[in-house]
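The values are calculated or read from the model by the stated rules, or taken from the named source; none is laboratory data. Since this is a predicted model, take the numbers as computed values, not measurements. Virtual Cβ from ideal backbone geometry, glycine too; neighbours counted across all protein chains shown. Note: accessible area is taken over every heavy atom of the protein model, side chains too, but ligands, DNA and RNA are not part of it. Shrake-Rupley method; radii C 1.70, N 1.55, O 1.52, S 1.80 Å.
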Amino acid sequence: MSIEPRAVRRARNAVSAIFLVFGLIAGFWFVHIPVVAGRLALEPAVLGLALLCFGVGSLVFQPIAGIVVGRLGSRRGTVFFAVALLVTMPVVINAVNVPMLFVALLACGASGGALNVALNTQASNVETARGRPTMSVFHGFFSLGMLCASVIGAAVIARGWGDGSGAIAANAFLLPLVVGAGMGLLPDGSSRARTGSASGFRFALPAGALLGLASLAFLANAIEFTVNDWSALFLTTEKGATPAEAARGLGLFALAMTVGRFAGGLVVARVGPKRVVAGGGALAALGMIIVLVSGNAVLSASGFLFIGMGASNLAPLLLSQASRIPGVAPGIGVAATATGMTAGFLLAPPMIGFVAQAFTLPVALGLTIVFGAIISVGALLRTWRGVAQATPG
């Protein structure tokens, strides 16, 4: 069934807006982590367990979400789960005790994981209707939301609204935006059969030639989410930064991730995916060295800019290569590599917390230097296959 160009353009704008909101919600949580940790007097290991609750909620509910989205359709599913995330995130930030924080993070993770399935399914429908690769641009809007959240969050915390009242006000503003954008999404029609495909991030165990690629994907997400979850706390506890200054450090990382993703196609076309991934791993390692050895908070925060530049295109290029492995169906390759990425998101932040508890937070963050070096070496040792050029926009 053909879809009018006007409806496709409207859906593209709607999906972009909801990805932006998704990034805003996630970013607001990341900049509030030091505030919540300080208010509840959380030790690193306890904070690590709390972060694990978010990942477990997402991991457990994603298969259920695939069934729900299959019945509701990605259009209604996207709006429903986005509203659920907007409701649960302020509860996390305003948690009054540790048990409440754990339960709220489980619910928030379930909502976020379900939105991930529904929104990416809808994005895939829009991409198919346009006839052009658009997924990377959509994910760029998520990074843009993270960037905006770091700026807004820094201002909110600096004005004394970091107790959770600022998050409630922001989410109340975003709620009608999500509902309004939802009206512009595409109806699913025959696309319901696609729910649970690679766009829904299925889980599969990597085997054979996929194992190395999935391992690199694990390390790439380990770097990204370690910075998201621990950078602000590191700057406040180890470098003497204020919470607002720490939020700006996360903002540099989000800025680099955003620019890198929007510009990734051009860079890959000029130098090739192998060099981008190898250089990205090395640049991420260099950035963390700057973060750890710098003597003041401002210079240390600048290291996150380099980490973001290096990490921005790792996951997209690894997923792209996963669909081009000879003898492996593209869906199987992407699903296996996505499994590695999900494991990195789920396991790395709490692992950093346990290492920080046993040693120190700088030692724990130093693991990401090793991760970046392994990615760089692994990329140089792999045989990379050409990536089809995407049409801009």
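How large are Rg and Dmax for segment 10-70 when calculated on the C-alpha trace, in angstrom?
Just the Cα atoms of segment 10-70 yield Rg and Dmax of 15.6, 47 Å.
For segment 210-269, what ratio Rg/Rh do Cα atoms give with a Kirkwood hydrodynamic radius?
That ratio equals 1.11.
Take peptides 139-147, 43-51, 270-278 and line them up by average Cβ neighbours within 10 Å, highest first, as a rough protection proxy.
139-147, 43-51, 270-278
Just how large is the dipole of the chain about the Cα centre, in debye to the nearest 20, putting +1 at every Lys and Arg Cβ and -1 at every Asp and Glu Cβ?
Computed charge dipole of the chain: roughly 1260 debye.
Can you tell me the Rg and Dmax of segment 272-317, counting just the alpha carbons, in angstroms?
When restricted to Cα atoms, segment 272-317 yields Rg and Dmax of 11.3, 36 Å.
Need one value: the accessible area of THR128 in square angstrom, 1.4 angstrom probe, rounded to the nearest 10.
About 90 Å², ignoring ligands and nucleic acids.
Only Cα pairs under 8 Å and at least 6 apart count here; give the relative contact order of the chain as a rounded whole percent.
With pairs under 8 Å counted, the relative contact order is 24 percent.
If you roll a 1.4 Å probe over the chain with all protein chains in place, what percent of the accessible area is carbon or sulfur?
With neighbouring chains kept in place, the figure for the chain is 70 percent.
Once the Cα gyration tensor of segment 1-139 is diagonalised, what are the square roots of 5 times its eigenvalues, in whole Å and ordered largest first, as equivalent ellipsoid semi-axes?
Value: 33, 15, 11 Å, ordered largest first.
Going 7 Å from the Cα of PHE359 in the Cα-to-Cβ direction, what parts of segment 270-295 have a backbone nitrogen less than 18 Å from that spot?
Counting backbone N atoms under 18 Å from the label point, the list is 285-294.
Run the numbers for ALA155 and VAL60: contour at 0.36 nm per residue of separation, minus the present Cα-Cα distance, in nm.
Gain in length upon complete extension: 30.7 nm.
Which value, in Å³ per residue, describes the convex hull spanned by the Cα atoms of the chain?
122 Å³
Expressed as cubic angstrom per residue, what is the convex hull volume of the alpha carbon set of segment 68-130?
So the per-residue Cα hull volume is 67 Å³.
How much solvent-accessible surface does CYS148 expose, in Å² to the nearest 10, with a 1.4 Å probe and all protein chains in place?
Its heavy atoms expose roughly 50 Å² to the probe.
Which helices pass in the chain if a helix is a full DSSP H run, must span at least 20 angstrom along its long axis by Cα, and must have mean Kyte-Doolittle hydropathy not below 0.0?
Answer set is 5-39, 44-72, 74-93, 98-130, 135-158, 165-182, 210-238, 243-271, 273-293, 297-311, 330-358, 367-381.
How long is the gain from VAL370 to ARG9 if the chain were fully straight, where each residue apart is worth 0.36 nm and the alpha carbon distance is subtracted?
125.6 nm
Given VAL271, GLY281, ALA220, which one lies farthest toward the positive end of the charge dipole of segment 215-288, if we put +1 on the Cβ of every Lys and Arg and -1 on the Cβ of every Asp and Glu?
Checking the options against the dipole of segment 215-288, the answer is VAL271.
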